[in-house]
Amino acid sequence: MKKLKIFMTVIVVLGVVWALGMWVIFGEAALKNIKNKEPYPFYNGKYHLIAHAGGKIDGYVYTNSREAVEDSIKSGMKFVEIDFIKTSDGYYIAGHDWEMFNRAAGKEERGDEPMTLAEVKATKIHGKYTAMDANDVAQLLREYPDWTLLVDKARDIEYIAELFPFPKRIILQVYGLYGYLRALNAKIDYPVLRLKGGRRGVKEIYKLFMDWINVKGVILGEKSFEKNLKYIGELHDKGTAVILYGNPRFKIVENADEIKKYINRYLDLVDTDTIREL
């Protein structure tokens, strides 16, 4: 018992030191966020669906292609998620991972080897869809002013803020409280903290820091959601926007009736391949 108390004391002290360090580095952004109790505009909003990886098109998922995004927007989707990966020469392109991208490009033999930007621009996904780099996505944000981009897998937070100078139309998935504060400091209005049930994400100390920083948006997968439903409900009741992602093997994200059970009680947005209306 004595060892446990010592261990917990050390953990709390380290936590306080960490919090003070974050305050020094991100004082203005953190202070502004903590004082601002207004929830994100998509909290308990009117629209609840996100077109996952651009949205399903002609039976294909995970294309992250121009045609998929445009089809989703024209069908009335107000939120579109796009994954980003880096080329071998350091540019962000729209893609889930290189193995999947190479396979869709008809170049399975490359495995997970990244392409150059020039190779990507010369590629047709599944032989007919247009591959995009980050500048192409930014152009779509200019061409179609009535949608919001959820950025996934891109960890260069400050660079993302430069690439997409639309602070009211970007939701950025971030990893860890340090990433959340970095995003605020980079003038990204809507960072969402990725939660993982288990070793981190919803443990008591982590929850305490989330409360201190006033985290106003989280994103998590179906498994974590179901394991931590009570806690997610508590978060949502306090004004935290909750985004759910999954895959077709799970039971919520591709089932409109299941989504309806949780919307505006536990969830605000659901990242889905196929659902276009509730």
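Per DSSP H run of n ≥ 4, the term is -39500 (n - 2.57); total these for the chain, divide by its residue number, and report the mean residue ellipticity at 222 nm rounded to 500 deg cm²/dmol.
-12000 deg cm²/dmol
Roughly how many debye, to the nearest 20, is the charge dipole of the chain about its Cα centre, given +1 on each Lys and Arg Cβ, -1 on each Asp and Glu Cβ, and no other charges?
Charge dipole, the chain, about its Cα centre: 1360 debye, nearest 20.
Give me the distance in nm between label points sitting 7 Å out from Cα along the Cα-to-Cβ direction at LYS187 and LYS207, one decimal.
3.7 nm
Suppose we look only past 17 Å in the calculated P(r) of segment 62-165. What percent of the Cα-Cα pairs does that tail hold?
Here the tail beyond 17 Å accounts for 48 percent of pairs.
Helix 2-35 versus the longest principal axis of the chain: what is the Cα-based angle in degrees, 0 to 90, to the nearest 10?
60 degrees
Using only the alpha-carbon atoms, how far is helix 204-213 inclined from the longest principal axis of the chain? Give it as 0 to 90 degrees, nearest 10.
80 degrees
Counting only other residues whose beta carbon sits under 15 Å from that of GLU113, what net charge do I get with K and R as +1, D and E as -1?
-3
Going Cα to Cα from LYS187, which lysines come in below 26 Å? Please leave out same-chain ones fewer than 8 positions away.
Straight-distance partners of LYS187: LYS32, LYS35, LYS37, LYS46, LYS78, LYS86, LYS153, LYS168, LYS196, LYS207, LYS216, LYS238.
If Lys and Arg each add +1 and Asp and Glu each add -1, what is the summed charge of the other residues whose beta carbon sits under 15 Å from the beta carbon of LYS238?
Net charge in that neighbourhood comes out at 0.
Counting only DSSP beta bridges with both residues in segment 74-155, what percent are antiparallel, rounded to the nearest 5?
Bridges in segment 74-155 are about 55 percent antiparallel.
Restricting attention to segment 113-202, which chymotrypsin sites (Phe, Trp or Tyr not before Pro) occupy a DSSP loop and are surrounded by at most 15 other Cβ atoms within 10 Å?
Passing sites in segment 113-202 are TYR175.
For Kirkwood radius over Cα pairs in Å, pick the label among (1) 22.2; (2) 18.8; (3) 19.7 that corresponds to the value derived from the coordinates.
(3)
Could you check how much of the accessible area of segment 234-278 is carbon and sulfur, as a whole percent, using a 1.4 Å probe?
Summing carbon and sulfur atoms, their accessible area is 43 percent of the total for segment 234-278.
If I histogram all Cα-Cα distances within segment 113-256 using bins 10 Å wide from 0, what percent of pairs lands in each bin?
10, 33, 33, 19, 4
The values are calculated or read from the model by the stated rules, or taken from the named source; none is laboratory data. Being a predicted model, the structure only gives us computed values, none of them experimental. For neighbour counting, all protein chains shown are included, and Cβ atoms are generated from backbone atoms with ideal geometry for every residue, glycine included. Protein only, heavy atoms only, side chains kept; ligands, DNA and RNA dropped before computing areas. Shrake-Rupley method; radii C 1.70, N 1.55, O 1.52, S 1.80 Å.
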